[in-house]
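First up is the structure itself, then whatever we jot down about it.
The values are calculated or read from the model by the stated rules, or taken from the named source; none is laboratory data. Predicted, not measured: the structure shown is a model, and the values here were computed from it. Methodologically, a virtual Cβ is constructed for each residue, glycine included, from the backbone with ideal geometry; neighbour enumeration extends over all protein chains shown.
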Amino acid sequence: MGAIWIYVGVVAVVFAVVAAYRMRQVKPQMKGYALQRMCPACGLITPRANLVCLECGKVMVAGQ
């Protein structure tokens, strides 16, 4: 009966370690992606605060 309890204890410890490792992983934050957009003319990623593209100078449309 002692070997069974040792096996159950080892399985419980492995399960706890795996659960803790999954909780520790960094989750991506989607909030930062909305602050940029792609220029329709050249495809450069440009901050939303800019009114013109940094690469080609094309005026960005407000609805994009």
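The rows are residues; the columns are (1) at pLDDT 80 or above; (2) surrounded by 10 or more Cβ atoms within 10 Å (Cβ to Cβ); (3) among the hydroxyl-bearing types (Ser, Thr, Tyr).
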| site | (1), (2), (3) |
| --- | --- |
| 2 | yes, no, no |
| 5 | yes, no, no |
| 10 | yes, yes, no |
| 28 | no, no, no |
| 53 | yes, yes, no |
| 56 | yes, yes, no |
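Quick one: in the stretch 30-49, which of the residues that are touching a strand residue (DSSP E or B) at 6+ places or on another chain (Cβ under 9 Å) and in a loop (DSSP other than H, G, I, E, B) is modelled with the lowest pLDDT?
The extreme case among them is 48.
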